[in-house]
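Below is one structure, written out as structure tokens, with a few remarks after it.
Derivation of every value follows stated rules applied to the coordinates shown; laboratory data play no part. Keep in mind that this is a model prediction, so the values were computed, not measured. Reconstructed Cβ throughout: ideal geometry from the backbone, glycine too, with neighbour counts over all protein chains shown.
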Amino acid sequence: MELRVLRYFVEAAKEESMTHAALKLHVTQPTLSKQIKELEEELGQKLFVRGNYHIRLTPEGEILYKRALDILDMVDLTTSEFASMNEFNGGDLYLGCAESEGITLLAKAAKQLQTEYDRLHFHLYSGNAETVCERLDKGLLDFAVVVQNIDLSKYTYLDLPVTDTWGVLMRKDSPLVSKEAIALEELIGLPLIVSRQGPTNEMPQWLQKNYDRLHIVATYDLIFNASILVREGLGYALSFDKLVHTGGGSVLCFRPIVPAMISPMRLIWRKEQRLSKAAELFLKKVKGICQ
């Protein structure tokens, strides 16, 4: 299985058209079709369902597409690392980030480093602890930023001087808006919008224990999308503070939960991982800002 053919396959899957993919790849349509057919023969599986105007992935094709993206990401990352070994003047840094105001700290480190090395590029992957750790474990990320407690046995980590406050995102015309804070028991019965991951370690302990008592009306991956549901009156979103604009002109407001529920923030990387030059310099900058 050649990397070139994998790139052909991925482009065809994205475009859902051999003709359009061939144009983007600067090859002829017959050449691309022949390469895909040979790949199917090599794997012994049909990868596309072909129609008159479009193609779509088969279930087997979906599996290969996900694997191919990871493989190509790893190849590009490795190529970038080796290119910067002889004389470092830039490169690529891959960060997995939870949604948190604390990312500001990492942004400051990135800015300082980019000022010194203008050919240094940062690639952010946003997601919850499960998704970013999965990519970190596969070697697709240099670092991951996680909130709350996770199993750190296979990671080296740096505690960041940042904490996130849990609370409720609501409309300003909500009956609860007059309260300065929301008691935990008041969450019972409210139409809640919560993280798609449900009762995981990212969620404070009380919420984990009482998850079955909550009235969940929707789940989300990104709080911005959840804020739109709140804006349209679907319910109340459980989230961290300072992630959604609630100032002038906004119909939304945030109220913290009491007793206060605080989540720590950590920068983690794999214990056996040999950091690239870019990653080493970035870690040094972060540590300097944390002191």
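Summary table
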quantity	calculated
Dipole moment magnitude, nearest 20 debye, the chain about Cα centre, only Lys, Arg, Asp, Glu C-beta charged	300 debye
Rounded to the nearest 20 debye, dipole of region 163-262 from Cβ charges on Lys, Arg, Asp, Glu	120 debye
Fraction of antiparallel bridges per DSSP, the chain only, in percent to nearest 5	55 percent
Antiparallel DSSP beta bridges within region 121-274, percent to nearest 5	70 percent
Over the chain: Kirkwood hydrodynamic radius from C-alpha pairwise inverse distances, Å	22.0 Å
Using alpha-carbon coordinates, inclination of helix 277-290 to the longest axis of the chain, degrees	10 degrees
Helix 59-83 vs. the chain, principal-axis angle (Cα, 0 to 90°, nearest 10)	90 degrees
Cβ charges +1 (Lys, Arg) and -1 (Asp, Glu), total dipole of region 3-80, debye	200 debye
Degrees, to the nearest 10: 3-15 long Cα axis against longest axis of the chain	60 degrees
P(r) of region 163-262 over all Cα-Cα pairs, binned every 10 Å from zero, in whole percent	16, 56, 26, 1
Helix-only CD estimate at 222 nm, as mean residue ellipticity for the chain, using -39500 (n - 2.57) per DSSP H run (n ≥ 4)	-12000 deg cm²/dmol
